[in-house]
Amino acid sequence: MAAHDSEGTILVFAQFQSKVDEGFWHRLSSLKLNKLGIDDSPIPITGFYAPWSHPQVSNHLTLLTQSLPTELSEQSSTAATSHGNRNRCPVQGTLYNMNTIESFYALDKRSLLKEEAKKIWDDIHTGKAVEDSAVLSRFLLISFADLKNWTFHYWFAFPALVLDPPATVVDLRRASEYFSLEEAESVSAACNEWRNSSFTAEVPFFLVSIDPNSHATVKHLKDWETCQSDGHKLLFGFYDPCHLPNNPGWPLRNFLALICVRWSLKSVRFLCYRENRGFADLELSLVGEALITVPQGWRDHQCLPNAVGWEHNKGRQVSRCINLAKSMDPTRLAISAADLNLKLMRWRALPSLNLDALSSIKCLLLGAGTLGCQVARMLLAWGVRKITLLDNGRVAMSNPLRQSLYTLDDCLNGGEFKATAAVKSLTRIFPAVDAEGIVMAIPMPGHPVPNHVEDSVLEDCRRLHDLIDSHDAVFLLTDTRESRWLPTLLCANTNKIAITAALGFDSFLVMRHGAGPFSSNHDFKAEAANALSAIGNFARTDSDERLRLGCYFCNDVVAPIDSTANRTLDQQCTVTRPGLAPIAAALAVELLVGILHHPRGIFADGEVANSSSNGSSEQPLGILPHQIRGSLSQFSQMTLVGHSSNSCTACSRTVVSEYQERGMEFIIQAINHPTYLEDLTGLTELMKSASSFNLDWDNDTDLEDDDCVQV
């Protein structure tokens, strides 16, 4: 189609069309979340196009996953591309990805287009466009990525310098009609050779020289002066993405501008090179002759011509929008959505957040009740993907209201095992979670084991040992004191992160256990060297020495015993204020995250709120407490530090050594005879000493100081 005016037929060009592969948007989303953040600086990208080769459809300028750079740095100026691909001629482009939809619409599109056109204009005047002709097809993309809804707003521009007055066409026909048979055969062979060479396949603008013997040669633009002296027929060729029979494609516009400025030609014979199934097709290719009037001021580098080029959308100059949510796999979509808040934290609030550490850690939850359900949900929210829940109870009718992973369906027919039901619920919440449920009871001191089930209990002990050994962090969330003893011992033995959460009616305790007594990474002070006070075995001297943090049992003066016998109904159930468990569970998970981000990890000192000691403010997540005790009745919370006791029945050097030497025999003896732990650790002797200790008060002022007893 041609437009007419009083001076002739104006040359009309078919505009470039864009196509964006879904992989490009996924790659951009990843860059935005993981590297770019709120940085909206321009990004160099690469588009690809090729000569037209499909009936009825023009070739698009396409963006692929590899269109975006692999590394964003000052040294990275172009995206990674595969050289020598005849179907992917690379073109440089610039991406402006905005942070809000408002800033996207507020962009000064005229200025952006002018800026890109100036780059083309500079390349023409400096000669770069002759050396690297692909810069003539430079493009621009503006976008906004709505990563909550997976919606992408975008708009392409293909800057074209405006010839004024416009070029006119005096001849435009099929190439097969322009060339003789001999010339057509030679031109086809030369073009195919050019396209098949890895050195020239990506050069979209070229010269076609035909000698008097009808022999054609395809040459680089820099050879133009040489071609002028040989008297050969000369055509300016370009890869034409357009399929229309009466219009050349968009790349010819800037090509004519180059010819006009560099060589001052007033008549240009051009070849719109097109293909059929990957080979030159002169029935589809066009040859035309255009007349050019050099616009006033074009000789001046500083005189920038007008430019056009914003892509039309259904005939209108408006942006486009694509929603990928429906086309994405639900699991993949869930993963992206789940990670969104965590990755957004790294933009400003917490740049040092280690998502890899969170996603790779394996967490074992002992207890799948009120605390276990809440802890599992909090772990998911922090990006933890590997969760194992251990419990031997079934879901009761009273559970779903407080235990957030269960519903009424889980209570029917006697109730499903909590561990199994919890895993199903976690999978429904987040399909990508790697969750496992273990139905098993934890052997406990004070609950004697009959001979006929001893082998089964020993197997449970070994299984619990293997589970703790294969996980990185263990949460003690059971509802009895004695059920925490064996896991505490096993964690101390293997030096695993152990976190306890325990509830009263309106109070809670959340604490992280210290490292085991035989930790090889740190030279802790031996517990045997700790001085004892006159009233107990828990005071410490020589505060300059680094002390190991205590466990859940370190402040006890009795061994764990059966706490479930002879209980009334309100004592059998975990009767707590409903708001208590979510608070304690959240704090327990926050403790884990703090440990993972602390440079000393499990060996980190205990810190207390409002303390100015050892640079707690230097940690991005704040202080890392040892114990957190809270009360809902007072709406209060305090942080405490308690060091390990060398008389602890669970983590002391004496107990851990005995377990290492005797193994399961020691476990069975501790289970069947609770006082054995007191005898082993010296608590029995300590209590005897305390009972026989008498304080005599005497008001006789005549007594010497030596007659007084200091307590």
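The values are calculated or read from the model by the stated rules, or taken from the named source; none is laboratory data. Note that the structure is predicted; figures quoted are calculated from it, not measured. When we count neighbours, we look across all protein chains shown, and the Cβ atoms used for this are built from the backbone with ideal geometry, even at glycine. Only protein heavy atoms, including side chains, enter the accessible area calculation; ligands, DNA and RNA are left aside. Shrake-Rupley method; radii C 1.70, N 1.55, O 1.52, S 1.80 Å.
For the reader, a short list of remarks on this structure follows.
- Mean shadow area of the chain, taken as a quarter of the surface of its Cα convex hull (nm²): 47.0 nm²
- Region 591-611 and region 324-362 have their alpha-carbon centroids 24 Å apart.
- Cα pair distances exceeding 24 angstrom across region 116-233, given as percent: 49 percent
- Computed over region 206-358: relative contact order in percent, which uses C-alpha pairs under 8 Å that are six or more apart: 13 percent
- Helix axis angle, 580-597 relative to the chain longest principal axis, alpha carbon, degrees: 60 degrees
- Cα convex hull of region 281-426 - mean projected area over all directions, nm²: 20.9 nm²
- Per residue, the average separation of C-alpha pairs within less than 8 Å and at least 6 apart gives the chain a relative contact order of 10 percent.
- For region 358-455, the mean projected area of the C-alpha convex hull, equal to one quarter of the hull surface, is 7.6 nm².
- Using alpha-carbon coordinates, inclination of helix 485-494 to the longest axis of the chain, degrees: 60 degrees
- Cα-based helix-to-principal-axis angle, 251-263 vs the chain, degrees rounded to 10: 60 degrees
- Every helix of 4 or more DSSP H residues in the chain counts as -39500 (n - 2.57), and over all residues that averages to -8500 deg cm²/dmol at 222 nm.
- Excluding same-chain neighbours fewer than eight residues apart, the lysines reachable from residue 418 by a Cα-Cα span under 23 Å are 362, 386.
- The chain - accessible surface per residue (Å², probe 1.4 Å): 47 Å²
- A straight line joining the Cα centroids of region 225-278 and region 466-525 runs 77 Å.
- Highest average packing first - 446-454, 207-215, 497-505, Cβ atoms within 10 Å: 497-505, 207-215, 446-454
- Surface listing: 387, 429 arranged by accessible area from highest to lowest gives 429, 387, probe 1.4 Å.
- Given 119/222; 119/343; 109/266; 118/148, the pairs whose alpha carbons are separated by over 27 Å: 119/343; 109/266; 118/148
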